[in-house]
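Right, one structure below, let's go through it.
Readers should treat all values here as calculations from the given coordinates under stated rules, not as data from a laboratory. Please read these numbers as outputs of a predicted model, since none were measured by experiment. Glycine also receives a Cβ, built like all others from the backbone with ideal geometry; neighbour counts cover every protein chain displayed.
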Amino acid sequence: MRIAVNARFLLSGKLEGIGWYSFEVLRRMTKEHPEHEFIFIFDRTYSEEFIFGSNVIPVVLQPPARHPILWYIWFEWRLPALLKKLDVDMFLSLDGYCSLRSTTPQYLVMHDLAYLHYPKQIKFAARHFYKYFVPKYLNKASHVFAVSNATKQDIIRHITLNSAHVSVAYNGCRDSFVPIDEDQKQKIRDDYTGGRDYFLFVGAMHPRKNVDQLIRAFDHFKQKDKTSHKLVLVGRMAWYSEKISEAYESSRYKSDIIFCDYMATETLVKITGAATAAICPSFLEGFGVPIAEALFCDVPVIVSNRFSLPEVGGPGAYLINPDEYISISEAMSKVIHDPQLEKRIELGRIHRMQFSWDQTAELIYYRMMQDFSCSRSIF
């Protein structure tokens, strides 16, 4: 069987949420199923690190699609012609896009419908592209995989798809995220925060992530608890980040706030493992990968009570109201004083077991095969 794959987000040194999902699922799927040929379709020069085996055939399909007009050209004109030329049996797209003009069976992974909930936080052209095309993509797909049950329910509610048309395929966690001992934690704190304990946020910094509110919460926490904790913010500045800059400039504790850009995995593992707690105060997350990574490191998690975050954080998470900085501040205080902290961490150990890349890769593969076989048996 020839399986074409949308590999646009496999970018060397620049893997983020969708990129890591693609990397982990495809690496496993191609190795576990050498009987199939996987055609990885890139939109620019690719790195050999993503050619996972002899059954992976790379193809570069121009133009590089990073703008709505180019998305349209790539998916509606260039891609269907290529799929027909290559005579593939199916197309797997892990970023939620597909081709409305192709007759090839297509399978989508959908991460969230943020454009519906926070349209003003998305640039004009992209917002209108999503509004028009995403519902059509979801209805066109032979089957849809949602990265959380919250995302699945959102799809069913807003796009009116049948529940049987959508499966939940959770993110997993990279194998390197494991607990570290106290000596290692202290060395990491010495290297990155001057030996001080710290709270951690990981993610691209744009309005939906609510980082400005987190900074205000940290100010309130520092003033009330009089601790030496620092706040480490890891991630690139994305769009509409002015409020983050304003909150930082207004902070009385800006010397205790550390901004870090994109981190290599081995560094991020250390930073996560030594944190007092990982915080995700987002208004909406399709999944919330940094929270799962913290759980695998036995690090307490503070999460918004919105959308998928209670689902990912689990029964041991500290839930906060993202609209109230005092709610976030109180959770930070609770973490450092909680006599039930170890119990919460143990709950996290149990909860995290469902987040497995092996399980997700096989779930997607077998659901595609099942659907493909059923569709062929009809004719």
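So the values come out like this:
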item	result
Per-peptide average of other Cβ atoms within 10 Å, ordering 277-290, 213-226 highest first	277-290, 213-226
Percent RCO, i.e. relative contact order, over region 182-352, from Cα pairs under 8 Å lying at least 6 residues apart	23
Neighbour-limited loop hits for trypsin sites (Lys or Arg not before Pro), region 1-49 (at most 13 other Cβ within 10 Å; DSSP other than H, G, I, E, B)	14, 44
Region 8-84 shape via C-alpha gyration tensor axes, a/c threshold 1.5	oblate
Shape call, region 182-352: gyration tensor on alpha carbons, a/c limit 1.5	rounded
Proximal charge balance of residue 23 [Cβ under 12 Å; K/R count +1, D/E count -1]	+1
Theoretical FRET efficiency, 1/(1+(r/R0)^6), r = Cβ-Cβ of residue 374 and residue 87, R0 22 Å, to 0.05	0.55
Mean separation of Cα contacts under 8 Å, 6 or more apart, over the residue count of region 55-138: relative contact order %	24
Candidate lysines for bridging to residue 209, where Cα separation is under 23 Å - those fewer than 8 sequence places away on the same chain excluded	14, 120, 123, 131, 152, 222, 230, 243, 254, 270, 334
Whole-Å distance, taken between Cα centres, linking region 259-276 and region 92-127	30
Over the chain, volume per residue of the alpha carbon convex hull, in Å³	136
Relative exposure of 161, 83, judged by other C-beta atoms within 10 Å (fewest first)	161, 83
Protection proxy ranking of 309-316, 71-78 - average other beta-carbon atoms within 10 Å, highest first	309-316, 71-78
Over region 215-261, relative contact order from alpha-carbon pairs under 8 Å, at least 6 apart, %	55
Residue-count net charge about residue 123 - beta-carbon cut-off 15 Å; Lys, Arg +1, Asp, Glu -1	+4
